[in-house]
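Asks: Below is a structure I'd like to ask you about.
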Amino acid sequence: MAHTPGPWHLEAEHYIAAGPVASPGEIGSGPLIADVLPHPGVPCRIPDASEQAANAALLIAAPEMLAALEAWVRLRDGGTGARHATLTSAQAMERVADMARNAIAKATREPA
């Protein structure tokens with residue numbers, strides 16, 4: 001079974017969703033991926049707001065991280081992929097590195 005296609009984004013401050021981005025504070029029409037809001041009464045440590053935001057950022061970046069890893073494996077296994085057939089090996093590696101940098105930036109909420 002395949003995962004819900006990305007990109008994923010944060011909606012209404014605690015829902016991770018795919019599809020069209022809703023207005024700030026609203027919930028859109030795309031599929032709900034996760035709810036990162038703590039649930040009172042659940043017997044576990046509830047992360048503080050900044051840790052919740054960091055967890056949400058990591059989850060949101062998952063599709064891009066997977067795509068970067070898949071591209072790296074294809075390149076490592078000897079191909080640049082049909083989309084990049086005209087690229088040199090160095091150019092293809094730089095494109096994959098850019099994909100990884102962007103995914104890391106999204107996951108860590110830091111500039112790429």
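Each reported figure results from applying straightforward, stated rules to the coordinates on display, with no laboratory input. Since the model is a prediction, treat every value here as computed from it, not as a measurement. Neighbour counts are summed over all protein chains in view; Cβ atoms, including those assigned to glycine, are modelled from backbone coordinates with ideal geometry.
Asks: Which residue, of His39, His14, is surrounded by fewer than 18 Cβ atoms within 10 Å (Cβ to Cβ), in contact (Cβ under 8 Å) with a residue 40 or more places away in the chain and not β-branched (Val, Ile, Thr)? So that I can check it myself, show each step before the final result.
Replies: Numbers: His39 fails: in contact (Cβ under 8 Å) with a residue 40 or more places away in the chain.
That would be His14, the only listed residue that is surrounded by fewer than 18 Cβ atoms within 10 Å (Cβ to Cβ), in contact (Cβ under 8 Å) with a residue 40 or more places away in the chain and not β-branched (Val, Ile, Thr).
Asks: Still on this structure, I have one more. Name the residue, out of Ala2, Ala22, Ala34, that is outside any loop (DSSP other than H, G, I, E, B) and of a type outside the set (Asp, Glu).
Replies: On the way: Ala2 fails: outside any loop (DSSP other than H, G, I, E, B); Ala22 fails: outside any loop (DSSP other than H, G, I, E, B).
Of Ala2, Ala22, Ala34, the one residue that is outside any loop (DSSP other than H, G, I, E, B) and of a type outside the set (Asp, Glu) is Ala34.
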